[in-house]
Every structure is written in structure tokens, then in C-alpha cells.
Amino acid sequence: MSTSNTGTPDVDPAVREELARLRDSIDNIDAAVVHMLAERFKCTQQVGHLKARHHLPPADPAREARQIARLRALAENAKLDPAFAEKFLNFIVAEVIRHHERIADEAVNGATPTVN
Ligand SMILES: C=C(O[C@@H]1C=C(C(=O)O)C=C[C@H]1O)C(=O)O
């Protein structure tokens, strides 16, 4: 492999095509992930409002433990690293809990104009 004077490596056209085809699929999958996450956050926002109305705590560790066990099993069956699946769920749930805390706070103190 050499490098052209534009800084772009000269790659066999067949390799370039295969890379483009794979990247098209990656882009479609990333779009699906974004859409699925948006739907998930729509649901969790509703859960946050329901919890605030009924004075329920933002986090539910027992529910989270069941979700982690379930996702780890799904990941193993799908040949995805279960530790990664758990980390990914924890990352999302932490953000959801942050939203729930804000919703509960706003229910008590009223909305404050913040950026995030
Ligand atoms: C959405 C909820 O609130 C929190 C967020 C969760 C999630 O994002 O899946 C799960 C449990 C809770 O800690 C819930 O209680 O169902």
C-alpha cells in the first residue's frame, strides 16, 4: 500500500468497495441504535413523571439487577461480551436516573432554566 499525494492511501478498488459496503451497514445500525435509544428515553421520561407524581424513588436497584442478568444472558447467546452489555446498560440507566432526579426535583421546586 502506498500513499497518494492527497494523503489518502492507495487501496485496491475491491477493498475500497468492501469497506464502503460494510460502512453503509454500520451507518444503518448506528441510525437504528439512535432511534431505539430515543424511543427508550421517551418511555423512561414517562416513568420519571409517574414516579415523581407518586413519590417513588428515581432508581430501582432490584429492577436493574434483573435487567443486567437478562441482558448478560442475551449477550452471551448473541456472542457479545456480557461485560460490555452490562457496562452499556449501566451507562444508559445512569443517565435515566439523572433525568428522574431532575423530574422529581422540578415537581417539588418548579422547573429551572438549565442547559442540560
Ligand atoms: C426506568 C426506570 O427507572 C430507572 C431506570 C431504569 C432503566 O433505564 O431501565 C431501570 C430502573 C430504574 O433504576 C424504572 O424503574 O423502570
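Values quoted throughout were computed directly from the atomic coordinates according to the rules given, and no laboratory measurement underlies them. Note that the structure is predicted; figures quoted are calculated from it, not measured. We place every Cβ from the backbone using ideal geometry, glycine too, and count neighbours over all the protein chains shown.
Here are some notes:
- Highest-fluctuation residue, Ala78, Ala69, Ala38 considered, GNM on the chain with Cα pairs under 10 Å: Ala78
- Segment Glu86-Ile26, length gained on full extension (0.36 nm per residue, minus Cα span): 19.4 nm
- Neighbours of Arg23, meaning other residues whose beta-carbon lies under 11 angstrom from its beta-carbon, give a summed charge of -3 when Lys and Arg score +1 and Asp and Glu score -1.
- Multiplying the residue separation of Asp60 and Ala73 by 0.36 nm and subtracting their alpha-carbon distance yields 2.6 nm.
- Electrostatic tally near His55: other residues with Cβ closer than 15 Å to its Cβ, Lys and Arg +1, Asp and Glu -1, net -2.
- Only Cα sites of region 13-109 enter the Debye sum here, all with the same form factor; the resulting log10 I(q)/I(0) across q = 0.23, 0.25 1/Å is -1.18, -1.25, listed in q order.
- Computed [θ] at 222 nm, deg cm²/dmol, the chain (DSSP H ≥ 4; -39,500 (n - 2.57); rounded to nearest 500): -26500 deg cm²/dmol
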